[in-house]
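Participant: The structure's right below; bear with me while I get my questions together.
The values are calculated or read from the model by the stated rules, or taken from the named source; none is laboratory data. Quick caveat, the model's predicted, so the values are computed rather than measured. In this analysis, Cβ positions are derived from the backbone assuming ideal geometry, glycine residues included, and neighbour counts consider all displayed protein chains.
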Amino acid sequence: MPTLAFVPGFMQRCGAWATVADRLAQRYPSALHERADEHVQPGVVPIGYSMGGRIVLHRALEEPQRWPALVLVGVSAGVGDSAARRAADEELAAWIERHPIEEVVERWEAQPVFATQSKELVDAQRAGRLSHEPAELAEMLRNFGQGVMPPVWDRLPELELPVLLIAGALDDRYVAAGERMATLLPNGTFSAIPDAGHAPQLEQPDAVAAELSAFLDERL
């Protein structure tokens, strides 16, 4: 069985994937990564969320033989107005550099994307967010923000490895992106997780683990 490499999103740590990894531990060994931009070894199956998923998608396009399969959760192949998004990312990066991590986390957790998560779930992720350095977060945003990384919609047909795309059913933007990506990928599959928003692995870990298990059993 292949090793699963769980890659977190921006401002997360490995704990964001721990519950799902535990559900699969008896069948699949796993590596839990601490940063979205952490290097993923060849031969494993990357399971990347949000920024972490976007990074491994681009890496897979650069090295198509690097991994046997790919799982992307809450990921898009790119935004339309990348210049506007790049400016917004730079504005946020500059703000992050000027503020202590406590204020950065407070601003981050106030986003609408967390509206589908319980207070207890948001609180449980806070220690991981507070462990980051603002300067490192700003650098990550400048290097891997959606405005910086070019759209790759037209390159998806090149990626022949099996790809599972997952989004929370309440996350309309990424449901649309996942459905579109699945039609462009030669071996793409999309799954919407009921009763979940942008972070289904946190909100519905059992359902996400079940989708992963079914995909891995069928494709590997």
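Participant: Any residue that is in a loop (DSSP other than H, G, I, E, B), under 20 Å from the mean Cα position of the chain (by Cα) and not aliphatic (A, V, I, L, M) - is there at least one of those in the stretch 82-105?
Facilitator: no
Participant: With the requirement that a residue be in contact (Cβ under 8 Å) with a residue 60 or more places away in the chain and in a helix (DSSP H, G or I), what does the stretch 2-23 give you?
Facilitator: GLY15, ALA16, TRP17, THR19, VAL20, ARG23
Participant: For residues in the stretch 186-209 being in a helix (DSSP H, G or I) and either in contact (Cβ under 8 Å) with a residue 40 or more places away in the chain or in the same structural domain as ASP123 (by TED's automatic domain parsing) (or both), which is farthest from the chain's Cα centre (by Cα)?
Facilitator: So the residue we want is ASP206.
Participant: For the stretch 191-206, what are the residues that are of a type in the set (A, V, I, L, M) and farther than 15 Å from ASP22 by Cα?
Facilitator: ALA192, ILE193, ALA196, ALA199
Participant: Determine whether the stretch 145-159 contains at least one residue that is touching a strand residue (DSSP E or B) at 6+ places or on another chain (Cβ under 9 Å), closer than 25 Å to LEU70 by Cβ and at pLDDT 95 or above.
Facilitator: yes
Participant: For ARG54, are the conditions met, namely being surrounded by fewer than 20 Cβ atoms within 10 Å (Cβ to Cβ) and either in the same structural domain as PRO205 (by TED's automatic domain parsing) or in contact (Cβ under 8 Å) with a residue 12 or more places away in the chain (or both)?
Facilitator: no
Participant: Just for helices (runs of 4 or more DSSP H) wholly inside the stretch 119-185: which have at least 3 residues that are touching a Phe, Trp or Tyr at 6+ places or on another chain (Cβ under 9 Å) and in the same structural domain as ALA196 (by TED's automatic domain parsing)?
Facilitator: Of the helices (runs of 4 or more DSSP H) lying wholly inside the stretch 119-185, those with at least 3 residues that are touching a Phe, Trp or Tyr at 6+ places or on another chain (Cβ under 9 Å) and in the same structural domain as ALA196 (by TED's automatic domain parsing) span 172-184.
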